[in-house]
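The values are calculated or read from the model by the stated rules, or taken from the named source; none is laboratory data. Every value quoted in this text rests on a predicted model; they were computed, and no experiment measured them. Cβ sites come from the backbone with ideal geometry, for glycine too, and all protein chains shown count toward neighbours. When the accessible area is computed, the model is the full protein with side chains, heavy atoms only, and any ligands, DNA or RNA have been set aside. Shrake-Rupley method; radii C 1.70, N 1.55, O 1.52, S 1.80 Å.
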Amino acid sequence: LDEITLFKKHDGGFEKTVLGDHRPFYDRLIPYRNFLFPLHERPRSTQIYYLRVATSSSMNLPVQAWSDGLLVQKIDTEKTLLGAYAGVMIAMALYNLFIFASIRDRSYLYYILFVAGFLLFMFTLNGLAFQYLWPNWIWWGNNSLPFFIGFSSIWGLMFGRKYLRISSSMPIFYRIFNALIIIAIAASLFSLLVDYALAIRITTLLSIIGSAVAIAAGVVQTARRFRPAYYYILAWFTLL
């Protein structure tokens, strides 16, 4: 959300507070991945607020009110869950990095890069990347999401092409994978040069098509009783 303005009505007019991702992270009133406005009102009192939101992204606006105690409990719980998720992803990447260093099979390298790209995509989407990795780099914070979608698509497709061994057994799928990889590379670079609203549409569509093609290739290989494809399909549906 590019700009969020809260107006508090009082007798002399309005008191205005502005937040949004077009401002450095540490400009926020409370250092948290989502936008928080501290409101202090007397019990049983009435107060009028107006909220104005402007964004070039999708307008997702769940509005909730929290007491101090419940907010602390919520943050503590979600940090535990998000930390566990990140820890598992990083452990997977490091484990496969050691395997790649031992046997030099490029499929492990593709998988590592996919996991890294997907983790950065998730952290960018939920605000943790802006909070912990680039809190003052506003341009990158606003443009990195479509880039990471394209980046993870590149390596996900390259991993699928290598793992399913489609170069000789599935020539049509092989050509489709190659075309999508080239498009993903172009889309990743293109996303840094154009308006965010256009970039996010292109890369999201690419990820949907790429996922569908990867799953279809896995289903065909499964039907041919290619054993690694069973695990590939199971992993894809678990992720989705």
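Being within 15 Å of Gly127 (Cα to Cα) and either loosely packed, with under 11 Cβ neighbours inside 10 Å or among the acidic types (Asp, Glu) (or both): is that true of Asp2 here? Give the derivation first.
Numbers: within 15 Å of Gly127 (Cα to Cα): yes; either loosely packed, with under 11 Cβ neighbours inside 10 Å or among the acidic types (Asp, Glu) (or both): yes.
It is true that Asp2 is within 15 Å of Gly127 (Cα to Cα) and either loosely packed, with under 11 Cβ neighbours inside 10 Å or among the acidic types (Asp, Glu) (or both).
Here is a check on your reading of the model: is Ser191 among the small types (Gly, Ala, Ser) and open to solvent by less than 40 Å² (accessible area, probe 1.4 Å)? Don't jump to the end; show me each part of the working.
Values: among the small types (Gly, Ala, Ser): yes; open to solvent by less than 40 Å² (accessible area, probe 1.4 Å): yes.
Against the criterion (among the small types (Gly, Ala, Ser) and open to solvent by less than 40 Å² (accessible area, probe 1.4 Å)), Ser191 qualifies.
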Scope segment 41-57; condition hydroxyl-bearing (Ser, Thr, Tyr) and either in contact with a Phe, Trp or Tyr (Cβ under 6 Å, 6 or more places away or on another chain) or surrounded by 11 or more Cβ atoms within 10 Å (Cβ to Cβ) (or both); matching residues: Tyr49, Tyr50, Thr55, Ser56, Ser57
Sole exception among (1) assigned to a helix (DSSP H, G or I); (2) touching a Leu at 6+ places or on another chain (Cβ under 9 Å); (3) polar (S, T, N, Q) for Asn60, by number: (1)
Odd one out for Asn142, checked against (1) open to solvent by 30 Å² or more (accessible area, probe 1.4 Å); (2) over 16 Å from Ala214 (Cβ atoms): (1)
Selected residue [closer than 30 Å to Thr5 by Cα, without any contact (Cβ under 8 Å) to a residue 12 or more places away in the chain and assigned to a helix (DSSP H, G or I)] from Leu70, Leu120: Leu70
2 or more residues without any contact (Cβ under 8 Å) to a residue 24 or more places away in the chain and of a type outside the set (Gly, Ala, Ser): qualifying helices (runs of 4 or more DSSP H) within segment 127-240: 138-163, 171-190, 196-223, 227-239
Cross-chain or 6+ apart pairs with Cβ under 8 Å, segment 22-51 first and over 15 Å from Val63 (Cα atoms), then open to solvent by less than 50 Å² (accessible area, probe 1.4 Å) and of a type in the set (Asp, Glu): His22/Asp2
Qualifying position, being open to solvent by less than 80 Å² (accessible area, probe 1.4 Å), in a helix (DSSP H, G or I) and farther than 30 Å from Ile138 by Cα, among Phe114, Phe100: Phe100
Criterion: open to solvent by less than 80 Å² (accessible area, probe 1.4 Å) and closer than 23 Å to Ala116 by Cβ - qualifying residue of Tyr232, Tyr174: Tyr232
Candidates Leu157, Leu128, Leu164, filtered to the one that is under 15 Å from the mean Cα position of the chain (by Cα) and of a type in the set (A, V, I, L, M): Leu128
